[in-house]
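Only the coordinates and a few stated rules stand behind these numbers; no lab work does. Keep in mind it's a predicted model, so treat the numbers as computed, not measured. FYI the Cβ positions are ideal-geometry reconstructions off the backbone, even for glycines, and counts take in every protein chain you see.
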Ligand SMILES: [Zn+2]
């Protein structure tokens, strides 16, 4: 293999390793923000928009944001919205492109608010500096006996996420579905430091190797022992700059 071909291969390997590291770092960062957001998500103020009539009730959409996460909720309310809530609704807001929640709730077989004590779709995206991964939660609760008080069955279904519980029993969901283009952008950004590090380490090793070969009187390109030879080309690899 020629020197040029080999350095080309090294370059490809370097980029591949850096991208793999970038991908790993961006996923770990997104998962960390997902864990952090668990507590924050409940407390963050929500902006509500677009109350959509459905059957006898309404769907309201709201967004909550924090560093490294965004949560979109679609809440079904069985009654008409109180006048005070209606004042807070910003009808100019639209859900972000990554959230298909408006479609999800309209596809839901239970989406007629009738008969549901509570129905909510939640889309959560996490990642930094851009949102990179997302998951979805569907929370439904039904009255066990019609008209009965207190007896409610709550069912939470998670999509595109992996549920874990840490040692303290804290519940977390690791988002698994990519959010474009944030997934790619974060991966590339986090690949830059590992790439530079690999280039630095690579050139350091090359420099040390070159010095050692010069000191021993070997070809600097391939390491062939040039003792007793006075040609201008290395007989092993053909390099002409073998002692420079
Ligand atoms: Zn050589």
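Assorted remarks:
- Values of log10 I(q)/I(0), in the order q = 0.19, 0.21, 0.23 Å⁻¹, for segment 160-244 under a Debye, Cα-only, solvent-free model: -0.90, -0.96, -1.01
- Placing pseudo-labels 7 Å out from each Cα toward the beta carbon at residue 100 and residue 20 gives an inter-label distance of 3.1 nm.
- Length released on extending from residue 32 to residue 4, taking residue separation times 0.36 nm less the Cα-Cα span: 5.9 nm
- Residue 236-residue 206 pseudo-label distance in nm [points 7 Å out on the Cα-to-Cβ vector]: 1.8
- Estimated from the Cβ-Cβ distance and a Förster radius of 22 angstrom, the FRET efficiency linking residue 225 and residue 12 is about 0.10.
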